[in-house]
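Asker: Attaching a single structure in structure tokens format; questions to follow.
The values are calculated or read from the model by the stated rules, or taken from the named source; none is laboratory data. Everything numeric in this text was worked out from a predicted model, so none of it was measured. Here the Cβ positions follow ideal geometry from the backbone for every residue, glycine too, while neighbour counts run over all protein chains shown. Protein only, heavy atoms only, side chains kept; ligands, DNA and RNA dropped before computing areas. Shrake-Rupley method; radii C 1.70, N 1.55, O 1.52, S 1.80 Å.
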Amino acid sequence: MKLYLPLLFLFLVSLIRAAGINEENQKIEVKAIRCDEPIKIDGQLTEAVWQNDWCLKNFVTKDPVEGGNPSERTEVRLAYNDEALYVGARLFDSSPDSILSQLGRKDANVNADLFGIFIDPYHDKRSGYYFGLSAGGTLLDGVMMNDDWDDSSWDGVWEGEARIDEHGWVVEMRIPFSQLRFKKKDAYVWGVNFRRDISRRNEYIYLVFTPKDGSGFVSRFPDLVGIEYISPDNRIEALPYVRAKGEYTHPDKDDPFNDGSRYLPGLGVDLKYGISSNLTLNATINPDFGQVEVDPAVVNLSDVESYFSEKRPFFLEGASIFEFGRGGSRSHWSFNWSNPSFFYSRRIGRTPQGTGNLDYDYIDAPEGTTILGAAKFSGKLADSWNIGAIHAVTAREYADIEFENDKSDKEIEPLTHYSVIRAQKEINEGYRGIGIIATSAIRDYKNDWLKDYTNSKSFGLGVDGWTFLDKDRTWVVSSWAGYSNVQGNKNRILDLQESSRHYYQRPDAKFVSLDSNATKIEGFAGRILINKQKGNVFFNSALGVIHPGFDVSDVGFMWRTNIINYHLGAGYKWTKPNKISRYTELIGALFNTWDFDGYTTWSGFWAGYYSEFANYYWVNIHYAYNPETYNNYRTRGGPLTKNLPGNQVDMYLGSDSRKPIVFELGGYNYVHTNGDYDRELEFEIEWKPMNNINFSINPEYSWSITESQWVDVFNDVTATGTFNKRYVFANLDYKQLSASIRLNWTFTPKLSLQLYMQPLIASADFSEYKYLDRPKTYDFNEFEEINYNPDSDQYEADADGSGPAPALTWDKPDFTSKSLRGNIVLRWEYLPGSVAYFVWTQSRYNDEDNGNFNFGKSVDKLIDTRSDNIFMIKLSYWLNL
């Protein structure tokens, strides 16, 4: 069976022959008219160029009926001069008073009538830009990649105005050529498309669209012609900033380093230089990489680190160019597989790594490593090479510590250089492609002690690519392969081998073993995926491996290694609306995971059902079954144990997003055969009382019971059945209640107020302590004697009473944790590209050493807890030099 399914996968790859439908669109050509008269962006369309006879009118609907006639007329004209492309759109509406014009800040997902333009200036049929404007004046922009995907993190500097009148509404845009990348020519042919949303009818209108049973968006764009002899200068943009920050906290009264108030001014500049019309260099001097929105609070009882999304603008902008291993295919399913990320930008400016290895009573250490400077280079070469590179240098960081009345300073993070280089070549208008990524982190030390806790050098190298298997691009094979090499001293590499990503110390492992003399660890990884992405029947399958020594987490992110994983999935979708539903899909998949010793560590069957009903409500239901398998990380470096069989059912449903009140509710229930379970319920309600106010609250309650929660491991020569170690576990009753609360109040499209709060209460009650009986089982033994000492707050246990086994001692692990985190952000774009921020961040924390979940008491504790407050004012000014 282990060989059968991978061989079936390869067999399917070799036998696929195209039988797709030719989906060529009727040839459409869009013209832009040169205009030398000034155009004022005011939403009036009074200039002569907007009165010419040529305009686009032949739009069609994607929803509610594919290829249908729109309910309202749309007319679009394009003009240009040497500096910019102009868009003028008359959007007729028979009921102007019914036009939805909800306000939101830039790039907000608002329920409003919308008009947008999509531009493919490279004419590569795979990438481009989009610019949108809502009837309320909210600007939206972003980039497109991989033919089907988009990314709203890119922010351009452009102008747009919308105005509602007695005929409907009007859109006028000015998009500077300096914001676009393209290869310089005398005459240009670009790709272009348009979209209009009539929100009250859920009607989506395009010039050309992607059918629901098809794929590919940018590749369908008609040609944009008429732009000739434009000569935009090599652009130079500067964004200097000033910042004032005050922190008001409540440290211990004897803390010699912090009296409770700190003032942190800041000054710096971001630079953008257009080396040519298709290459851009971004640089930053003394950057402000602070986040405007706080990270959510998490309680992590696992053996792997938590993942947090990037929120810093410098790294968000253009991040899509560093995507790796995902080209060609629009869908990458995963079952018990987490794709390693070669580049995780939050490693740059990370919390200093030496902080957790110091002995101290008091410490003054930076929360993040200072970024001395960073540069980013991106663009396109020779029409088909997408390139990108990031180089950053972070400072040597020190901590002031006091330990037993002795003060000193200690290096806690060495001087570090990070680099990421990415290149990808598209062949035959994206029919196939090949790419490469290379990463490195190189550190310079002044203090040798830090070498025991950080990698001295880390390198990652990967190649990826894709190819379509037929002319209609129905079937696609996508793959990647990677190699990593991490270097350090013997103590560091030994620690890395024993970390949760590798667990080389497992006593029953055969493929790997600890090497205490090693000064490097290296490995490989890769995955091949096949996807059928057109037609009502769809298919998705993949085979992936991650060698136990593979590790790109110094610059990237990953959770596990020692994985051989496959899945085989297929489904059917009903795309034609009927009296009951507008869209329905049914999916099923088989999956299996082995380690490199050949043990099955996860397996199962998964089925999913999704339907959007005729009233625009929707439901999503999943079911999974997992048979008995082995677990190679429950003992955290110890021997294998068993995973008991389990079933999971989850269900989520939501309402029509057009309504003033929108809700979503659902949950899941996973139950093992021994009665262990993991459950969650969540509910979200969004309220739009006015067209410029949006309030949402998303409470979640999760609770679980397990009889195999890890506690600790002890050396015990009498524990011969478990390799002379005693692996201690407990029953765990865990409860968590949290909520995400958001208020968005948009005064104008350029002035907005945002509030975010996250209260969290979590409790963990440990009981019935036990130890593992023998490997490859789920059997545990109770201690002969176990006592709790309240004076030391520790448990004392003995496996055999008066026998030779040593007594074991561990700290009481029970806890109840309460926190409240949030901030208020006032954002004002006082000039295009120039923004002022006023930010107030507040945090409250309270912990108790018991596992009693008591909502009322926890709320009282949070209210009584003194808060830490941070106030910040930041002002940036955009200069186009």
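Asker: State all residues of segment 217-229 that are closer than 15 Å to His123 by Cβ and in a loop (DSSP other than H, G, I, E, B); if no residue qualifies, say none.
Answerer: Across segment 217-229, the qualifying residues are Phe217, Phe221, Pro222, Gly226, Ile227.
Asker: Let me ask something additional. Hey, can you tell me all the residues within segment 647-660 that are at pLDDT 95 or above, over 30 Å from Tyr778 (Cβ atoms) and open to solvent by 40 Å² or more (accessible area, probe 1.4 Å)?
Answerer: The answer is Tyr652, Leu653.
Residue-by-condition table, conditions (1) on the phi > 0 side of the Ramachandran plot; (2) in contact (Cβ under 8 Å) with a residue 24 or more places away in the chain; (3) touching a helix residue (DSSP H, G or I) at 6+ places or on another chain (Cβ under 6 Å):
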position: Arg422; (1), (2), (3): no, yes, yes
position: Gly430; (1), (2), (3): yes, yes, no
position: Asn447; (1), (2), (3): no, yes, no
position: Val463; (1), (2), (3): no, yes, no
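Asker: Considering only residues that are open to solvent by 50 Å² or more (accessible area, probe 1.4 Å) and either of a type in the set (Lys, Arg) or touching a Lys or Arg at 6+ places or on another chain (Cβ under 6 Å) (or both), which ones fall in segment 665-695?
Answerer: Asn669, Arg679
Asker: Further, regarding this structure: Can you pull out every residue in segment 263-292 that is over 30 Å from Thr249 (Cβ atoms), open to solvent by 50 Å² or more (accessible area, probe 1.4 Å) and modelled with pLDDT of 85 or more?
Answerer: The answer is Leu271, Tyr273, Leu281.
Asker: Continuing with the same structure: Yes or no: Ala399 of a type outside the set (Asp, Glu), buried (at least 17 other Cβ atoms within 10 Å of the Cβ), assigned to a strand (DSSP E or B) and at pLDDT below 95?
Answerer: yes
Asker: Looking for whichever is of a type in the set (Lys, Arg) and either in contact with a helix residue (DSSP H, G or I) (Cβ under 7 Å, 6 or more places away or on another chain) or open to solvent by less than 20 Å² (accessible area, probe 1.4 Å) (or both) here; the options are Arg506, Arg501. Which one fits?
Answerer: Arg506
Asker: What pairs can you find where one residue is in segment 90-110 and closer than 28 Å to Val49 by Cα, the other is basic (Lys, Arg) and in a helix (DSSP H, G or I), and their Cβ atoms are less than 9 Å apart, with a gap of 6+ or different chains?
Answerer: As it stands, the answer is Ser95/Arg200; Ile99/Arg200, since those pairs meet every condition given.
Asker: May I pose another question? Report, by residue number, each residue of segment 822-838 that is within 12 Å of Leu755 (Cβ to Cβ) and either among the polar types (S, T, N, Q) or touching a Pro at 6+ places or on another chain (Cβ under 9 Å) (or both).
Answerer: The answer is Gly822, Asn823.
Asker: A further question follows. Taking only pairs six or more apart or across chains, which ones have beta-carbon atoms under 8 Å, a first residue in segment 611-630 that is hydroxyl-bearing (Ser, Thr, Tyr), and a second residue that is modelled with pLDDT under 95 and open to solvent by 60 Å² or more (accessible area, probe 1.4 Å)?
Answerer: Within 8 Å, the pairs are Tyr616/Ser657.
Asker: Restricting attention to segment 183-225, which residues are open to solvent by 30 Å² or more (accessible area, probe 1.4 Å) and polar (S, T, N, Q)?
Answerer: Hit for segment 183-225 is Ser219, nothing else.
For every residue, the table says whether it meets (1) modelled with pLDDT of 95 or more; (2) part of a strand (DSSP E or B).
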| position | (1), (2) |
| --- | --- |
| Val555 | yes, no |
| Thr561 | yes, no |
| Ile564 | yes, yes |
| His567 | yes, yes |
| Tyr572 | yes, yes |
| Lys579 | no, no |
| Glu585 | yes, yes |
| Ala589 | yes, yes |
| Asn592 | yes, yes |
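Asker: Also, quick follow-up: Could you tell me how many of the residues in segment 187-216 are among the hydroxyl-bearing types (Ser, Thr, Tyr) and either assigned to a loop (DSSP other than H, G, I, E, B) or without any contact (Cβ under 8 Å) to a residue 24 or more places away in the chain (or both)?
Answerer: 3
Asker: Of everything in segment 708-734 that's among the β-branched types (Val, Ile, Thr) and assigned to a strand (DSSP E or B), which residue is least open to solvent (accessible area, probe 1.4 Å)?
Answerer: Filtering first and then ranking leaves Val728.
Asker: Moving on. In segment 507-531, what residues are part of a strand (DSSP E or B) and either in contact (Cβ under 8 Å) with a residue 60 or more places away in the chain or among the hydrophobic types (A, V, I, L, M, F, W, C) (or both)?
Answerer: Ile521, Phe524, Ala525, Arg527, Ile528, Leu529, Ile530, Asn531
Asker: Give Pro240, Pro256 a once-over and let me know the one that is part of a loop (DSSP other than H, G, I, E, B) and either open to solvent by less than 80 Å² (accessible area, probe 1.4 Å) or of a type in the set (Lys, Arg) (or both).
Answerer: Of Pro240, Pro256, the one residue that is part of a loop (DSSP other than H, G, I, E, B) and either open to solvent by less than 80 Å² (accessible area, probe 1.4 Å) or of a type in the set (Lys, Arg) (or both) is Pro256.
Asker: Going by the conditions given, is Ser134 free of Cβ contacts under 8 Å to residues at least 40 places away in the same chain and surrounded by 23 or more Cβ atoms within 10 Å (Cβ to Cβ)?
Answerer: Taking the combined requirement at face value, the residue satisfies it.
Asker: Of all residues in segment 756-787, which are surrounded by 16 or more Cβ atoms within 10 Å (Cβ to Cβ) and either more than 18 Å from Ser708 (Cα to Cα) or among the polar types (S, T, N, Q) (or both)?
Answerer: Passing the criteria: Tyr756, Met757, Gln758, Pro759, Leu760, Ile761, Ala762, Ser763.
Asker: Taking strands (runs of 3 or more DSSP E) that do not extend beyond segment 595-644, which have at least 2 residues that are open to solvent by 20 Å² or more (accessible area, probe 1.4 Å) and either under 21 Å from Ile546 (Cβ atoms) or of a type in the set (A, V, I, L, M, F, W, C) (or both)?
Answerer: By residue number, 600-613, 618-626.
Asker: Can you name the strands (runs of 3 or more DSSP E) wholly within segment 106-186 that have at least 2 residues being touching a Pro at 6+ places or on another chain (Cβ under 9 Å)?
Answerer: 128-134, 159-165, 168-176
Asker: I've got another one for you. Considering (1) out of contact with any helix residue (DSSP H, G or I) (no Cβ under 7 Å at 6 or more places or on another chain); (2) within 28 Å of Asp254 (Cβ to Cβ), say which one Ile412 fails and leave the rest.
Answerer: Answer for Ile412: the failing condition is (1).
Asker: Still on this structure, I have one more. Looking at segment 59-84, I want the residues that are open to solvent by 40 Å² or more (accessible area, probe 1.4 Å) and have a partner that is part of a strand (DSSP E or B) and acidic (Asp, Glu) with Cβ atoms under 8 Å, at least 6 apart or on another chain. Which pairs are those?
Answerer: Filtered contacts from segment 59-84: Pro64/Glu203; Ser71/Glu203.
Asker: Please find, among Gln505, Gln487, the residue that is out of contact with any His (no Cβ under 6 Å at 6 or more places or on another chain) and either more than 26 Å from Ala438 (Cα to Cα) or among the hydroxyl-bearing types (Ser, Thr, Tyr) (or both).
Answerer: Gln505 is the lone residue from the list that is out of contact with any His (no Cβ under 6 Å at 6 or more places or on another chain) and either more than 26 Å from Ala438 (Cα to Cα) or among the hydroxyl-bearing types (Ser, Thr, Tyr) (or both).
Asker: Separate question: Out of Ser331, Ser378, Ser338, which single residue is in a loop (DSSP other than H, G, I, E, B) and at pLDDT below 90?
Answerer: Being in a loop (DSSP other than H, G, I, E, B) and at pLDDT below 90 holds for just one of Ser331, Ser378, Ser338, which is Ser331.
Asker: Further question on the same structure: Within segment 306-322, does at least one residue satisfy the condition of being in a loop (DSSP other than H, G, I, E, B), of a type in the set (A, V, I, L, M, F, W, C) and open to solvent by 40 Å² or more (accessible area, probe 1.4 Å)?
Answerer: Yes - at least one qualifying residue is present in segment 306-322.
Asker: I've got another one for you. Of all the residues that make up segment 341-360, how many are acidic (Asp, Glu) and assigned to a helix (DSSP H, G or I)?
Answerer: 0
Asker: Mind listing whichever residues of segment 360-372 are modelled with pLDDT of 90 or more and surrounded by fewer than 15 Cβ atoms within 10 Å (Cβ to Cβ)?
Answerer: Scanning segment 360-372 gives a single hit, Asp361.
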